[in-house]
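Shown next, in structure tokens, is the structure this report addresses.
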Amino acid sequence: MCMIKKRLPACFLIVSFVLQLTGCGIVGRFGGTQAQDDYYEYINEELLEEIELEATDAHWDWFTELSAVANEEMKELIKSLTEDGETYERGSSEQKIKDLYACVSDTQNREQTGLGPLKPHMDSIRSAQNIEEYVDALAKLSGQFGFSSIVGGYSIMQDKIDSGRYAVYLTYADTLIGKEYMEGEGTQDYVTMYFDYVKAMFREFGMTEEEAQQSADSVETLLRKICASSLKTEQMYDPSLTYNVYTAEELKQLFTNVNVEQMLETLRIDGQEQYIVMDVGQAETVNALLVEENLQALKDYSTFVMLNDTAEYGNEAFFKLYEQMENALYGITESWGDEDNWMQLTQELLPWDFGTMYVEEHFSPEDKEEVERMIARILEEYETVIRRQDWMSEATKEKAICKLQTMQVKIGYPDQWPKAKDMMQVTPISEGGSLMSNLLTSMEVAIEYSLHHLGDQVDRSEWSTTPQTVNAYYDPSNNEIVFPAAILQAPFYDHENSEGANLGGIGYVIAHEVSHAFDSSGALYDEYGNYNVWWTEEEMEEYQRLSRSIVEYYDQYEMMGTNVNGELTLEENIADLGALTCIVSIIGEEEDALKDAFGQMAYNWACQDTSEYALYLINIDTHSPNKVRVNAVLSSCDEFYEVYHVKEKDGMYVAPEDRVGIWR
């Protein structure tokens, strides 16, 4: 999809502005903007004036702010371990963190290691004499470490039709900078920049100037063909497009240029009753490209993917090229610096070890209980919202309410830490370890952990997100909402806030995630998490009509001269609109509480971006820009008009017949 597979640039820490809260919520530190004209600016004007992005940053919002605070705490933990002179028990989190950081920060060892244990796989790809040898080399690389470039990538996930068991999904080819950039009218300068980077990587790999240019051109030619046949980002959420069942025999008809039996065996996923092909059109294109005349171009493509995927873990030259490209894409003008990068990489490779330590320091059982009560209240209110929809039959309403009543709620951190935490072991430099070898160990652990699920019943208690993650999500396959510990803090939640402010803060986030159970994708799954359309034909037609009106409504909003993509952002827009409907329904006609809720919601979505990063988001992010998330939702909320006396001449005004939402 997009080329960034790991972290986003961190934010700076705000110290000069603190949200003032009283018993009635936000105290009005506003500038000259009127609430009726631009509510986002009305709430956030002075805050945004205080924020100046550092040269090392592309983006600031409260999610990145809280993530940066957690990151600083994890950095202090790393520093204390590296300086304490202690020797820790093998396999303990302390030992792993200490020894991994030593591998990350030993630049001499990284230079000497190079590709290290990955080199034989690279050599197998580069020396392949025909398509069969090339595909076999890719399958061995993917089967052992999970690397995927053209063919052979897979994931083991819950079966969308039978969510109680696992299935093998054959996943997309790596589309590098992504379909949206490759085909966008306003993004071709970035594409040119990206292929300058591809060429530079080949030069660093040892090619001559001419060879590097030729290889970069070959990669671009293949990538444009692959992207042309690939699903759009918004289509990837549609199970009717991505859930395509094939037997092993049928795969042979799809991949006629591949020894399918040998590939599946090498990948260690042979013998399955079925395989899910997530993008059939792309798979057909990939198969057509797997011919002898393309062999050198294919080898170059896979070579670059490997170099790009491991650049942060390799020597300084590869890392600097990667960093410069990433920074240019996001509009960042200054590097983080070595120490910050080293500490970030250490955290990324040991997420659950840091997670256990985070929970020990940062989780309040009392706050968890309060959030649990709020969730119960929101689920109950959503039932009320559903019951008042006159376009739904009673039978369908009961099914929707059943989905609410069976929704699983996960708060804070898992009761049992994932087995992958203990499976991941770090080999120190003194025993022959390196950053590259430990990276590959982490990838092998991920593959082994994934493979052991095949044939087992799904354990719905497992977590896929660490407690130090500042986020929340709804998983349709489990019919569950998940709130890691790190998001249960100000400004999203504060026990000293007014009830209205907390409903507009963490309450809005909770209601947003609950709403995803009924967005344009989530609504296709039943209470068990199975892809099962449980609506009547007439109801689906009405749902689709309402969805089209939401798409058209958001298409009219513009950021930086580019219109919002209503199709791309549909699911998140439905969830935003549904969340506000639920929160307003809870509050009722209490004007002060409504103002607190509206203000807190708008404050929570305050953000600053470089122009480059804003363009990146509008091309690939399934969320609307934050300012649009605030103003578009409020402009479709009748209660907002009543509280702020919005008139037809005001900037926030939308005619009643043009206000949108699935849930009213």
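Laboratory data are not the source of any read-out in this text; all were calculated from the coordinates shown. Here the structure is a predicted model, which means the values were calculated and not measured. Note: ideal-geometry Cβ built from the backbone for every residue, glycine included; neighbour counts use all protein chains shown.
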Charge dipole magnitude, Cβ of K and R +1, D and E -1 - the stretch 192-284, Cα centre, debye nearest 20: 140
How many angstrom lie between the C-alpha centres of the stretch 199-244 and the stretch 613-637? 28
In sequence order, what are the phi-derived ³J(HN,Hα) couplings for the stretch 439-450 according to the Karplus relation 6.51 cos²θ - 1.76 cosθ + 1.60 with θ = phi - 60°, rounded to whole Hz, with x for glycine and proline? 4, 5, 4, 5, 6, 5, 4, 4, 5, 5, 4, 5
Computed label-point distance, nm, for sites residue 376 and residue 192 using a 7 Å Cα→Cβ extension: 6.2
To the nearest 20 debye, what charge dipole does the stretch 535-644 have about its Cα centre, counting +1 at the Cβ of each Lys and Arg and -1 at the Cβ of each Asp and Glu? 460
Cβ-derived FRET efficiency at R0 60 Å, residue 387 paired with residue 210, nearest 0.05: 0.30
If you plug each phi of the stretch 84-100 into the Karplus form 6.51 cos²θ - 1.76 cosθ + 1.60 with θ = phi - 60°, what whole-Hz ³J(HN,Hα) values come out, in order, with x for Gly and Pro? 7, x, 8, 10, 10, 4, 4, x, 6, 4, 4, 4, 5, 5, 5, 6, 5
Give the relative contact order (percent, whole number) for the stretch 198-343; include only Cα pairs under 8 Å separated by 6+ residues. 27
Plugging the Cβ-Cβ distance of residue 420 and residue 76 into 1/(1 + (r/R0)^6) at R0 = 25 Å yields, to the nearest 0.05, a FRET efficiency of 0.50
Distance (nanometres) between label positions extended 7 Å along Cα→Cβ at residue 83 and residue 132: 6.1
By a straight-distance test (C-alpha under 23 Å), which lysines pair with residue 649 as possible cross-link partners, with residues fewer than eight away in the same chain excluded? 595, 627
Can you tell me the length gained on complete extension of the stretch residue 542 to residue 107, counting 0.36 nm per residue apart and subtracting the Cα distance? 150.6 nm
P(r) weight above 17 Å for the stretch 588-627, C-alpha pairs, percent: 47
For the stretch 54-64, 3J(HN,Hα) per residue [Karplus equation, 6.51 cos²θ - 1.76 cosθ + 1.60, θ = phi - 60°, Hz, x = Gly/Pro]: 5, 4, 8, 10, 10, 8, 9, 8, 5, 5, 6
From the helices alone, meaning DSSP H stretches of at least four residues, give me the mean residue ellipticity at 222 nm for the chain, per-run term -39500 (n - 2.57), in deg cm²/dmol to the nearest 500. -16500 deg cm²/dmol
In nm, the gap between the two label points placed 7 Å beyond Cα toward Cβ at residue 369 and residue 612 is 5.0
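Only four residue types carry charge here, +1 at the Cβ of Lys and Arg and -1 at the Cβ of Asp and Glu. Report the dipole size of the chain about the Cα centre in Debye, rounded to the nearest 20. Please report the intermediate quantities before stating the final value.
On the way: 46 positive and 122 negative charges, 247 e Å.
That gives a dipole near 1180 debye.
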Applying 1/(1 + (r/R0)^6) with R0 = 35 Å to the Cβ-Cβ distance of residue 589 and residue 560, what FRET efficiency is obtained, to the nearest 0.05? 0.35
Full-extension gain in nm, residue 253 to residue 270, via 0.36 nm per residue minus C-alpha separation: 4.5 nm
In the calculated pair distance distribution of the stretch 571-663, what percentage of Cα-Cα distances lie above 16 Å? 58
For the chain, with the dipole built from +1 on Lys and Arg beta-carbon atoms and -1 on Asp and Glu ones, taken about the Cα centre, which of 246, 466, 195 lies farthest toward the positive end? 246
Considering amide H positions built from the backbone, and no H for Pro or chain starts, which residues 5 or more places from residue 157, or on another chain, come under 5 Å of its amide H? 167, 169
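Across the stretch 314-461, how many lysine pairs separated by 8 or more positions, or lying on different chains, have Cα atoms within less than 24 Å?
Close lysine pairs found across the stretch 314-461: 5.
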Relative contact order of the stretch 444-535, pairs being alpha-carbon contacts under 8 Å that are 6 or more residues apart, as %: 23
Please list the radius of gyration and Dmax for the stretch 166-226, considering alpha-carbon atoms only, with Å as the unit. 13.9, 47
Over the chain, what is the relative contact order in percent, taking alpha-carbon pairs closer than 8 angstrom and at least six residues apart? 21
Amide H of residue 483 versus every other amide H placed in the peptide plane: which residues, excluding those fewer than 5 positions away on the same chain, fall under 5 Å? 410, 411, 412
Kindly give the semi-axes, whole Å and largest first, of the ellipsoid equivalent to the stretch 243-362, taking each as the square root of 5 times a Cα gyration tensor eigenvalue. 38, 23, 13
Gain upon complete extension [residue 360, residue 46; 0.36 nm per residue less C-alpha separation]: 109.5 nm
Note the per residue figure in Å³ for the convex hull of the C-alpha positions in the chain. 155
